[in-house]
Amino acid sequence: MVNTAIRFSENPLLSPKDLAPSRPGLEIACLLNPGVFTFQNKTWLLIRVAERPAQVDGIISFPVLKGDGIEIIEIKENDPELIATDPRVITYKGVDYLTTLSHLRLVCSDDGINFYQPDGYPILQGEGPDENFGIEDCRVALIDETYYLTFTAVSDHGVGVGMRTTKDWKTFEKHGMIMPPHNKDCALFEEKINGKFYTLHRPSSVDLGGNYIWLAESPDGIHWGNHKCLVKTRKNNWDSKRVGAGAAPIKTEKGWLEIYHGANKKHQYCLGAFLMDLNDPSKVIAQCDEPIMKPIAEYEMCGFFGQVVFTNGHIIKGDELTIYYGAADEFVCGAKFSIQNILSLLKYK
Ligand code: MAN
């Protein structure tokens, strides 16, 4: 692998102990996968905060949203009807649950390294029956002075993409579920192309097909159609099991550059890149063979779910791309890349 990422020496930038839980009785288990944006000359992260009660021996307990409050579900670890092989999800009596409940929290920074939670901004929680297992992994796209938030909406109905928009980060307009289950990793292009909005997204087709990156277009950024499959998993490769878009595609003179995550059968999550035609993003013109970033640091190898680097937010300054990323599903970290360097690694089709 060509290791193109320069990790922040201050990593992890944020760990679960750095923020306060949202309610009494819960602990923060993971801080991960922030959406990233610039607002009022500061760098902001919209972090996924995953919470659960303090765990006691022999019992798995986790919260789900119920009305305005939460309900704690407790299951004995030795219950024969429990399948708990993945720390992130369990199956009980044939029903799938998440082991943590996630909300989205804003933090900001003057230097992009030291973040704090500012007063006067709300916590974004799941709302209603399509979000009762929480909201996760939000992408933030700024289009014509409106911030578009696209996040994973999880419930017992499935995993889909929810959307809210805001201009001031204090009041939000809800647009409901824009991509029904199973779908996630929805990253809007930050400008229209030939008058249309575009987005990348990741439906999953389990019986035939797989976990592939798709493109969709829209007249208004909310209602999506003309879906096209763009990037598939590659057999025996680092991205053989699933691929999903990171943040908004980056406009370069060579095309739209997308940083994406790929996972293999062993659930190792790496980052890669591909390039779309500037005028017609349904044409993928180049892609990297090798990852541009692999989990190697201790905080990426060991945590809530090890061997993971996952990004869904970045800041661009000239050639410098700063990604913020979730490490081992537990910490928020940062790394810098040269955009030209990433472009030079792509193989044209
Ligand atoms: C997967 C992982 C988890 C996430 C769920 C629901 O299991 O990405 O982190 O909570 O899907 O989206």
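Here are the numbers for the structure shown:
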item	result
Residue count, the range 286-306 (criterion: under 30 Å from GLN340 (Cβ atoms) and buried (at least 17 other Cβ atoms within 10 Å of the Cβ))	11
Those residues of the range 176-202 which are surrounded by 16 or more Cβ atoms within 10 Å (Cβ to Cβ), away from the ligand (no atom under 14 Å from the Cβ) and closer than 17 Å to GLY126 by Cα, in sequence order	ILE178
Residue identified as under 19 Å from the mean Cα position of the chain (by Cα), closer than 27 Å to GLY94 by Cβ and aliphatic (A, V, I, L, M) among MET177, MET163	MET177
Selection count where residues are basic (Lys, Arg) and either touching a His at 6+ places or on another chain (Cβ under 9 Å) or more than 16 Å from the ligand (Cβ to nearest atom) (or both), scope the range 133-165	1
Residue list for the range 326-349, filter: among the hydrophobic types (A, V, I, L, M, F, W, C) and either crowded, with 21+ Cβ neighbours inside 10 Å or under 18 Å from the mean Cα position of the chain (by Cα) (or both)	ALA327, ALA328, PHE331, VAL332, CYS333, ALA335, PHE337, ILE342
Tally, over the range 99-128, of residues that are more than 16 Å from the ligand (Cβ to nearest atom) and more than 17 Å from VAL36 (Cα to Cα)	4
Where ASP79 falls short, out of the listed (1) more than 30 Å from ASP168 (Cβ to Cβ); (2) surrounded by 10 or more Cβ atoms within 10 Å (Cβ to Cβ); (3) within 15 Å of the ligand (Cβ to nearest atom); (4) not hydrophobic (A, V, I, L, M, F, W, C)	(3)
Number of the condition not met by PRO87 [criteria: (1) within 14 Å of the ligand (Cβ to nearest atom); (2) surrounded by fewer than 14 Cβ atoms within 10 Å (Cβ to Cβ)]	(2)
Residue within the range 166-175 that is modelled with pLDDT of 95 or more, within 14 Å of the ligand (Cβ to nearest atom) and farther than 18 Å from VAL332 by Cβ present	no
Conditions (1) of a type outside the set (A, V, I, L, M); (2) out of contact with any Pro (no Cβ under 6 Å at 6 or more places or on another chain); (3) surrounded by 18 or more Cβ atoms within 10 Å (Cβ to Cβ); (4) part of a loop (DSSP other than H, G, I, E, B); number of the one not met by TRP238	(2)
Tally, over the range 59-85, of residues that are in contact (Cβ under 8 Å) with a residue 12 or more places away in the chain, part of a loop (DSSP other than H, G, I, E, B) and not hydrophobic (A, V, I, L, M, F, W, C)	4
Of all residues in the range 120-154 being of a type in the set (Gly, Ala, Ser) and in a strand (DSSP E or B), the one that is surrounded by the most Cβ atoms within 10 Å (Cβ to Cβ)	ALA153
Scope the range 155-213; condition closer than 24 Å to ARG234 by Cβ, small (Gly, Ala, Ser) and part of a strand (DSSP E or B); matching residues	ALA187, SER204
Hits in the range 209-235 - residues which are crowded, with 17+ Cβ neighbours inside 10 Å, over 18 Å from GLU191 (Cα atoms) and touching a residue at least 40 places away in the same chain (Cβ under 8 Å)	ILE213, LEU230, VAL231
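Matching residues to (1) under 21 Å from ILE6 (Cβ atoms); (2) under 17 Å from the mean Cα position of the chain (by Cα):
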| site | (1), (2) |
| --- | --- |
| GLY272 | yes, yes |
| MET276 | no, no |
| SER282 | no, no |
| GLY306 | no, yes |
| TYR324 | yes, yes |
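The values are calculated or read from the model by the stated rules, or taken from the named source; none is laboratory data. Because the structure is predicted, anything quoted here is derived from the model rather than measured. Positions of Cβ are generated from backbone atoms using ideal geometry, with glycine treated the same way; all protein chains shown enter the neighbour counts.
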